[in-house]
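Here is the structure we will look at, set down as structure tokens.
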Amino acid sequence: MQWSSAQAVMAHLAAHSVRHLIDGELVGSESVDGIVNPSTGEVCANSPKASFEQFNEAVSAAVRAQKAWAATTVEDRRERLSAFADVLSEHAEELGALITLEQGRPFALGMGEIQRAATLLNAVIAIDLEDETLRGKGPEKVYVKYRPLGVVGAIAPWNVPIGLAVPKITHALYTGNAVVLKPSPYTPLATLRLGELAQHVFPPGVLNIVGGGNEIGEAMSTHPDIAKISFTGSIPTGRRVMAASAPHLKRLTLELGGNDAAIVRHDADVERIVPQLFAAAFVNSGQVCMAIKRLYVHESLHDRLASLLAEHAAKVVVGDGFDPKTQLGPVQNKAQFESVKAVLREVHAHPDARVLVGGHAREGAGYYIEPTIVAGLAEGTSLVDQETFGPVLPILSFTSDDEAVQRANASNFGLGASVWSEDIRSAEAIARRLVAGSVWINRHVGVDPLVPFGGAKSSGIGHQFGLAGLRDFMQPAAIYVPT
Ligand code: NAD
């Protein structure tokens, strides 16, 4: 198969290097970044690095294109976006292989990321974009008209490159904005290739994709012609984006880090939930914003659950994403690899820590870390208090529901949380007390296209998905009409 090995994908990229999409044209750059395959630690392809001039051209093209795009009907925009979804579906194999090469996740999951992006896109464009009537009776009718903001600057991270970029494009374009999108400099290949494949789907300038480093992200945040930034990434960078955007009072959607707590009550069915807990904590090798990152287990179940989870983890195959046997790939980049290793060193040095499985990086090439489960730690350690963003999970014991809620909420993060119990009513009562953007019962991780997704506290501002998510990309105007 053409896309089934790193060598095949690299050979393809050597023959057809990816380009930016600016004003409907595919263009290269004098300067390139060497993109590293995290499974080997070696450069696998070059990717163009936009100059400031090219970035400014992309913004100007978006400004020029946006008015005509905003004047199209919702139905026109739906049609174009639906064609964009078709591009994703038709090229899921190629784009999925690029994800595996640059991001490291297993090939089937790389393809799954592309297909899921197409599915979410189609669901979002089925949401009605109607004006909202607030007062229909009496001497004056009042309704809210929602207009596009103008040009949206979209900034994506490296953990789920297409899965996070496509919703930004979808929300912005469906609501009548134009877009300049910047992928992470670690993972630009699939996103730039998507721009090439979709070159003719939208009028020139409506969708622009530029590769580049953090400096292009900074330029987006300060550019006077960008009305809104849709950013997904870490909390420190989110703060920088917010500060840099302040002079122009840009609208912001910030989807930031998480340190999600899962609470397993005394009445949970341990055998049944172990595989689900593992999947929700170790998905993408723990590099998912809304993965379980703190597992609170009632003291009566703690030891049994911990040993079953460790047994489960010990059987998981870690390796190169192009190997069909692989279940978990590497950590995506060297800096992240070093950061996870530093957390592991702290764990090993802690007198109370009990490493139940894993605990080490693999010797040799690639950024591999064994799935690791650590008992015995409490709050006040990096593994419990910070977002590790790697395959390392702390398991903590609690004695009462109140204690679990208090400890889960004692965090600056507030992205997601979950409660695991056979008693749905009690679980729901706990769920309502957890301060997070999404709270699940008997599951964790997942986005519903009809439901606003966003973070509480430092985990973010604004939403994506659902009508509320779409309205975050629009400016409301209340219209007062005498009847
Ligand atoms: P990051 O903040 O380092 O980088 C994200 C993007 O911001 C990259 O494209 C980067 O080039 C750009 N950037 C860097 N400095 C910038 C600046 N000063 N101004 C503007 N842009 C700048 O994040 P990362 O390490 O790529 O991603 C991992 C983080 O993303 C984790 O914290 C994770 O939890 C978070 N994340 C959140 C969500 C969510 O929906 N809440 C989803 C996925 C990932």
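The values are calculated or read from the model by the stated rules, or taken from the named source; none is laboratory data. The structure presented is a predicted model; accordingly, all values stated were derived computationally and were not measured. A quick note on method: Cβ atoms are made from the backbone with ideal geometry, for glycine too, and the neighbour counts reach across all protein chains shown. We work out accessible area using only protein heavy atoms, side chains counted, and drop any ligands, DNA or RNA first. Shrake-Rupley method; radii C 1.70, N 1.55, O 1.52, S 1.80 Å.
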Matching residues in segment 240-264 (closer than 19 Å to residue 164 by Cα and open to solvent by 50 Å² or more (accessible area, probe 1.4 Å)) number 1
Among the residues of segment 371-413 satisfying the criterion of being among the β-branched types (Val, Ile, Thr) and part of a loop (DSSP other than H, G, I, E, B), which is most open to solvent (accessible area, probe 1.4 Å)? 399
Please go through segment 306-338 and pick out each residue that is among the small types (Gly, Ala, Ser), open to solvent by 50 Å² or more (accessible area, probe 1.4 Å) and either within 16 Å of the ligand (Cβ to nearest atom) or not in a helix (DSSP H, G or I) (or both). 335
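Yes/no per residue for (1) within 26 Å of residue 177 (Cβ to Cβ); (2) within 7 Å of the ligand (Cβ to nearest atom); (3) among the basic types (Lys, Arg):
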{"position": "248", "(1), (2), (3)": "yes, no, no"}
{"position": "255", "(1), (2), (3)": "yes, yes, no"}
{"position": "258", "(1), (2), (3)": "no, yes, no"}
{"position": "262", "(1), (2), (3)": "no, no, no"}
{"position": "265", "(1), (2), (3)": "no, no, yes"}
Checking residue 293 against (1) buried (at least 16 other Cβ atoms within 10 Å of the Cβ); (2) assigned to a helix (DSSP H, G or I); (3) among the basic types (Lys, Arg), which test does it fail? (2)
Of the numbered conditions (1) open to solvent by less than 10 Å² (accessible area, probe 1.4 Å); (2) within 16 Å of the ligand (Cβ to nearest atom); (3) in contact (Cβ under 8 Å) with a residue 40 or more places away in the chain; (4) not acidic (Asp, Glu), residue 185 fails exactly one; give the number of that condition. (1)
Determine whether residue 463 is in contact (Cβ under 8 Å) with a residue 60 or more places away in the chain and not assigned by TED's automatic domain parsing to the domain that holds residue 286. yes
Specify the residue that is farthest from the ligand (Cβ to nearest atom); the eligible residues are those in segment 209-240 that are aliphatic (A, V, I, L, M) and more than 17 Å from the chain's Cα centre (by Cα). 227
Among the numbered criteria (1) within 16 Å of the ligand (Cβ to nearest atom); (2) surrounded by fewer than 19 Cβ atoms within 10 Å (Cβ to Cβ), which one does residue 132 miss? (1)
Yes or no: residue 293 in the same structural domain as residue 404 (by TED's automatic domain parsing), within 16 Å of the ligand (Cβ to nearest atom) and touching a strand residue (DSSP E or B) at 6+ places or on another chain (Cβ under 7 Å)? yes
Run residue 237 past the list (1) assigned to a helix (DSSP H, G or I); (2) assigned by TED's automatic domain parsing to the domain that holds residue 48; (3) open to solvent by less than 10 Å² (accessible area, probe 1.4 Å) and report the number of the one that doesn't hold. (3)
